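The values are calculated or read from the model by the stated rules, or taken from the named source; none is laboratory data. Note that this is a predicted model, so its numbers are computed, not measured. Cβ coordinates were reconstructed from backbone atoms using ideal geometry, including for glycine residues, and neighbour counts include every protein chain displayed.
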Number of protein chains: 2
Amino acid sequence: MSDSFPTNSVGLVTPQVHHFDDPLTLRSGKVLPAYDLVVETYGTLNSARTNAILICHALSGDHHSAGFHSPDDKKPGWWDACIGPGKAIDTTLFFVVNLNNLGGCAGSTGPASINPETEKFYGPDFPVVTVRDWVNSQARLMDRLEIPKWAAVVGGSLGGMQVLRWAISYPERLDHAICIAAAPKLSAQNIAFNEVARRSITSDSNFHAGRYLELGTYPKQGLMLARMIGHITYLSDSAMRAKFSKAVSDYKRDSSENSGRDLSTGKLSFGFDVDFQVESYLHYQGERFSKNFDANTYLLMTKALDYFDPSVDFEGDLAKAFENSPCKFFLMSFSTDWRFPPERSRELVTDLLKAGREVSYLEIEADQGHDAFLIAIPRYVDALSTYLTRVHKELEVNAT
Amino acid sequence: MSDSFPTNSVGLVTPQVHHFDDPLTLRSGKVLPAYDLVVETYGTLNSARTNAILICHALSGDHHSAGFHSPDDKKPGWWDACIGPGKAIDTTLFFVVNLNNLGGCAGSTGPASINPETEKFYGPDFPVVTVRDWVNSQARLMDRLEIPKWAAVVGGSLGGMQVLRWAISYPERLDHAICIAAAPKLSAQNIAFNEVARRSITSDSNFHAGRYLELGTYPKQGLMLARMIGHITYLSDSAMRAKFSKAVSDYKRDSSENSGRDLSTGKLSFGFDVDFQVESYLHYQGERFSKNFDANTYLLMTKALDYFDPSVDFEGDLAKAFENSPCKFFLMSFSTDWRFPPERSRELVTDLLKAGREVSYLEIEADQGHDAFLIAIPRYVDALSTYLTRVHKELEVNAT
């Protein structure tokens, strides 16, 4: 059956669970006595153990970044566009390691897991985890897998923040930091959107202070709203216009100006039903997401974003944070990304250069907003591919 | 006591209620058999009845645009920055007419009014009203006040859309159309934000399909969320940064980069309490708004925005809509407004020029985002003042 998968797919993949019982002290001071991390790997670790790449996921991602979980699986992993044999992150060259982060809801220990101390769902008792905590847990996974050094750590958005944290927390344990569509820290506007999303969830009457799983309920409406808000910020205005240009419409207009609207009086609801395609699209996205994601995890992920600012230990000077990071950096951003716009990546580049680091930076013209980092945009994929080919050549040179 | 009001204030003002019992047919086809409009006027109508200015309010505005309702009133009307003796809209020169639009919740007939047919609150039975319907009701008010022609119709945001509609629906009944921070129609992103705001309200368990007043409840959380979402879109990212630069912080950073955050580990909640000033600011704004505004009115106002597109009767060609509008147009926009950015005003200018209209356009450099139109920014106020001084001179010339 797996013959039916595309030839450039990693094909059928199976997650593994790694249990850790060394207590993990979190940035908050709280201690997680034991935890599981669910992991997928693609490709083969070479005998020198030098060709491993760590993929860090963003807000709603997980360990399943490529391939399929069953022969009938219609939808591949979230970054299948970039990971596979012959793809930008080439699984014939690299051993690709993916995990679901702590606090997640796809198999790693998180709020929807059972707390062994109480034998109930963790729910709101699951501690707030930060990017730093994730990177610490990823380093333990690295030890478990007996990988001395990552050839590269790669991630977009919140994943890119983990990449930056790797370069600061474990500077000797990665050769390349590939940070896509990220920011040195959140803007007030970013935090504001996150807070409204959180409040949508917590003010849902089914939230029950986070104990909904115990009570057999679910804050579905709140999570839907949160996702709808998030989704607006992932898409550019122009991407939305393009997406909704196919609205049935009984008057002609330039499709570039069309926002999926049909304002002819006869077709309007003059009520609060959906009138425009963009509304039903958002409903669909919110609905789908709210079926598959844990609301407490959403809260944790947005807080990890808000708290991210590695400059905090360096008197607010981010350049200082990177002074002892010998790895090479590759940053990319997307022209219409208004969540983490190119100027935020340029701030990072400036600080990295100030710290004397080797940095490559590429701004990709793309219409898709923040979501662009998940899409196989040719210039973006080519750039990532070219960079990683060089990384692989370095490995071969070093091996000889 | 009114001696204590500033000398450039219109001082104590008293709203009047005008009852209309000519049935009003709405764009939806529904008929409003009778309705009240609550009105405030400032200044004096001259004997030729030529110096009247109509102010059209935006989403959350009302008839109280300037002055105070009582001697202890601390807060003047919503556009007091621009309306008063010697101000840009000079009440010593002009007779300024303000009303609360139909569907509003400040005294005009709306969802929170009693439906005479049922003797219950209208609630969700109040019909959806559009910009066109408002302008029709404003024209009736104009007849009632025996004003043959407005010297100018002025409005910002949704108010600016009413200005445009005046020029199309009643082209012979205004001399000047002053349209600030508006757009020819909403973008898909604008509609998306409105829909999330509406959904926040309708999914509140206290909404009860809009019959909350009958049941003595109120969808306060939903309305708070809706306002928080709106508020983010009214402020620019830079305005937010500036507003929240005074956070107590134990590390130094450039205040222009500060977003009101204090990320030193000791001061973070590591929970879901408020960590950042921007969060408490949004809570405050949402809370205050949710006490004074009707949720059903909020739904109606956002739908009026979504439905606005005067090109719809002109085969999608907005220029054609203005072909028979002899009035002069003055448009302004603000550089950091990302809700209705300058490019949207420039689209309007392009279509007005294509229609052969006389247009002045000014783009104001301002940090305050969409909210700038409510603020006494010197260049903005000066421009409005200069324009209206010319309008007044025209009146004097025509009178001689």
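Limited to region A:321-360, what total is found for residues that are among the aromatic types (Phe, Trp, Tyr) and within 16 Å of A:Gly155 (Cβ to Cβ)?
4
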Pick out, from region A:296-400, the helices (runs of 4 or more DSSP H) lying fully within it that include 1 or more residues that are surrounded by fewer than 20 Cβ atoms within 10 Å (Cβ to Cβ), touching a strand residue (DSSP E or B) at 6+ places or on another chain (Cβ under 7 Å) and assigned by TED's automatic domain parsing to the domain that holds A:Cys179. A:342-354, A:378-399
Limited to region B:8-34, what total is found for residues that are farther than 25 Å from B:Ala152 by Cα and buried (at least 19 other Cβ atoms within 10 Å of the Cβ)? 1
Matching residues, region A:184-218, being farther than 13 Å from B:Phe272 by Cβ and touching a Gly at 6+ places or on another chain (Cβ under 8 Å): A:Ala188, A:Phe193, A:Asp204, A:Asn206, A:Arg211, A:Tyr212, A:Leu213, A:Glu214
Would you check which residues across region A:265-284 are of a type in the set (Asp, Glu) and more than 10 Å from chain B (Cβ to nearest Cβ) and list them? A:Asp273
As an exercise: evaluate A:Glu287 against (1) farther than 20 Å from B:Ala226 by Cα; (2) modelled with pLDDT of 85 or more; (3) more than 9 Å from chain B (Cβ to nearest Cβ) and give the number of the one condition it does not meet. (1)
Just to be sure I understand the filter: pairs with C-beta atoms under 8 Å, separated by 6 or more residues or on different chains, first member in region A:36-64 and on the phi > 0 side of the Ramachandran plot, second member of a type outside the set (Asp, Glu) and outside any strand (DSSP E or B). Which pairs pass? A:Gly43/A:Val10; A:Gly43/A:Asn51; A:Gly43/A:Thr91; A:Gly43/A:Thr92; A:Gly43/A:Leu93; A:Gly43/A:Phe94; A:Arg49/A:Ile147; A:Arg49/A:Pro148
Residue under question is A:Val39, and the condition is that it be farther than 30 Å from B:Asp275 by Cβ and out of contact with any Gly (no Cβ under 7 Å at 6 or more places or on another chain); does it hold? yes
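Among the candidates A:Leu331, A:Leu300, which residue alone is within 28 Å of A:Tyr218 (Cα to Cα), within 22 Å of the chain's Cα centre (by Cα) and either of a type in the set (Phe, Trp, Tyr) or more than 8 Å from chain B (Cβ to nearest Cβ) (or both)?
It is A:Leu300.
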Which residue out of A:Gly216, A:Gly156, A:Gly230 is more than 8 Å from chain B (Cβ to nearest Cβ) and at positive phi? A:Gly216
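Can you go through A:Ser259, A:Ser255, A:Ser249 and tell me which one is more than 10 Å from chain B (Cβ to nearest Cβ) and modelled with pLDDT under 55? Spell out how you get there, then give the answer.
Details: A:Ser259 fails: more than 10 Å from chain B (Cβ to nearest Cβ); A:Ser249 fails: more than 10 Å from chain B (Cβ to nearest Cβ).
Just a single option satisfies the conditions, and that option is A:Ser255.
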A:Val135 assigned by TED's automatic domain parsing to the domain that holds A:His392 and either under 18 Å from A:Thr91 (Cα atoms) or acidic (Asp, Glu) (or both): no
Inspect region B:187-198 for any residue being more than 10 Å from chain A (Cβ to nearest Cβ) and modelled with pLDDT of 95 or more and give the result as yes or no. no
